[in-house]
Amino acid sequence: MIDSLLTRIESKDKGMLSLSISKDGKAVYSRAIGYSVKEAVKLSNTQTKYRIGSITKTFTAVLILQLIEENRLSLATNLARYFPSIPNASSITIEQLLRHRTGIHNITDDESYLGYMTKGKTQDELIDIIKAQKPDFAPGSSFTYSNSGYILLGFILEKIRGESYDKILQKFIVNKLTNKDIYYGGKINPANNEAKSYDKNDGWMESTETDMSIPHGAGAIVATPDALVGFLEELFKNKLVTSESVELMKEMKDNYGLGLFRMPFYDKFAFGHNGSIDGFGSSMAYFVEDKLAIALCTNAQDYEMNEILIVVLSACFDRPVDIPDFKEIKLEPEVLNLYIGDYTSKEMPIAIKVFEEKGVLKAQATGQGAFNLTPETEHVFSFKTAGIVISFDPLNKAMKLQQGGRSFNFLRK
């Protein structure tokens, strides 16, 4: 079933990816489809390295817990000990940073982020950016995912250890692993088997490349899926931190632990994390009771990663599932013209421009790049890379945008 899905994704040019699965510590499946450098270098499941984005947060959490086990830090330690200039620093704890419960604004949510993400920043410059933002809520009162908090955790690691995050990662995690294809990233180097990433827009176009000084402890790691599977196995064998620390990581508040999500799949669940940066996407999951580890890394997506994982997990747990045929629906220009216009919403502080280009319907939100809308039915379109579904109501000059379980209503001007 997995082979059938990946073969179809490859034949229909719906993505480029690598997948690794282990059971009881032994590799049971490994395959790569597509290119690490488009039309030049084929992907290798054992050698190609991907930027893994927010999966980095799990590594940062492990490194912080190691410091706690050494009694050099505690979950109750205040952020003010290290960065007193951050708003509410005296009320923010290490645990709240790990659990995204600080109220510190997420810098990647701001339009200004797009202006500097490809340029190097020093620690002081990033601290100035973070402290200039108004807090979203009082520390501990709510949950909002914030890359800023994990950037600060990475800086705290460096202050305490007196070394760079790169050296800390290698010394305290990677050196304990069998597969050592995990490291702090730099500029993408194809000669080192590092994949470039691509966005689908009238063909595969090379993505922007974030300077890795920006995501730091929140998203700067590069790895192979095989190495991620090995990391999960060692983590849940208590080889990187104690069993007590692993249990703390698994303890959920608002479905987030200490650097881990709880990932349900029917009557089972895993612990892991997802990540995305530029055109890369990644997911790793460990089913504790089944001792099953899965890691998926992609450098080009025209089919939602979650849909791939549903098929993969269904195959692992003997559940029925349909393989998509990816048949394209073609709509005439006069139909597409019904949807064109500028849309605004009282529920979302952005405008969305919908337009047609070379027979393809596209959308572009304020301050963001345009993306293709794929027709699912006559009035329903999707952008699967970001999990977006847009339903148009031409008669009422309206549209509904759905993403991440939420929906927003827009009206055309």
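The values are calculated or read from the model by the stated rules, or taken from the named source; none is laboratory data. If you're wondering where the values come from, they're calculated on a predicted model, not measured in any experiment. So basically every Cβ, Gly included, is an ideal-geometry build from the backbone, and we count neighbours across all protein chains shown.
Worth a mention:
- Tallying residues that are aliphatic (A, V, I, L, M) and outside any helix (DSSP H, G or I) within segment 174-191 yields 3.
- Test set (1) under 30 Å from Ile188 (Cα atoms); (2) part of a helix (DSSP H, G or I) - Ser282 fails condition number: (2)
- Taking segment 238-249 as the range and being of a type outside the set (S, T, N, Q) and either touching a residue at least 24 places away in the same chain (Cβ under 8 Å) or not assigned by TED's automatic domain parsing to the domain that holds Ser74 (or both) as the test, the residues that pass are Lys239, Leu240, Val241, Leu248, Met249.
- Residue in segment 138-148 that is assigned to a helix (DSSP H, G or I), buried (at least 21 other Cβ atoms within 10 Å of the Cβ) and touching a Lys or Arg at 6+ places or on another chain (Cβ under 7 Å) present: no
- For first residues located in segment 270-291 and without any contact (Cβ under 8 Å) to a residue 60 or more places away in the chain, partners that are assigned to a loop (DSSP other than H, G, I, E, B) and lie 6+ apart or on another chain with Cβ distances below 8 Å form the pairs Ala270/Val288; Phe271/Gly257; Phe271/Leu260; Phe271/Val288.
- Scanning segment 1-45 for residues that are of a type in the set (Ser, Thr, Tyr), buried (at least 23 other Cβ atoms within 10 Å of the Cβ) and over 16 Å from Ala293 (Cα atoms) turns up just one, Ser36.
- Filter pass, Pro135 being in contact with a Lys or Arg (Cβ under 9 Å, 6 or more places away or on another chain), more than 28 Å from Lys187 (Cα to Cα) and part of a loop (DSSP other than H, G, I, E, B): no
- Residue check, Lys268 over 26 Å from Thr102 (Cβ atoms) and either exposed (fewer than 15 other Cβ atoms within 10 Å of the Cβ) or of a type in the set (A, V, I, L, M, F, W, C) (or both): no
- The lone exception for Gly115 - which of (1) assigned to a helix (DSSP H, G or I); (2) in contact (Cβ under 8 Å) with a residue 12 or more places away in the chain; (3) within 21 Å of the chain's Cα centre (by Cα) it fails: (2)
- Out of Thr122, Thr48, Thr56, Thr102, sole residue that is in contact (Cβ under 8 Å) with a residue 40 or more places away in the chain and surrounded by fewer than 16 Cβ atoms within 10 Å (Cβ to Cβ): Thr122
- Taking segment 192-230 as the range and being without any contact (Cβ under 8 Å) to a residue 24 or more places away in the chain and in a loop (DSSP other than H, G, I, E, B) as the test, only Gly203 passes.
- Candidates are the residues of segment 118-160 that are more than 22 Å from Ile277 (Cβ to Cβ) and among the polar types (S, T, N, Q); the one that is nearest to the chain's Cα centre (by Cα) is Ser142.
- Val41 being within 20 Å of Glu209 (Cα to Cα), in the same structural domain as Lys200 (by TED's automatic domain parsing) and in contact (Cβ under 8 Å) with a residue 60 or more places away in the chain: yes
- Count of residues meeting criterion [part of a helix (DSSP H, G or I) and at positive phi] in segment 36-95: 1
- Residues of segment 296-353 satisfying the condition of being assigned to a strand (DSSP E or B) and free of Cβ contacts under 8 Å to residues at least 40 places away in the same chain: Lys353
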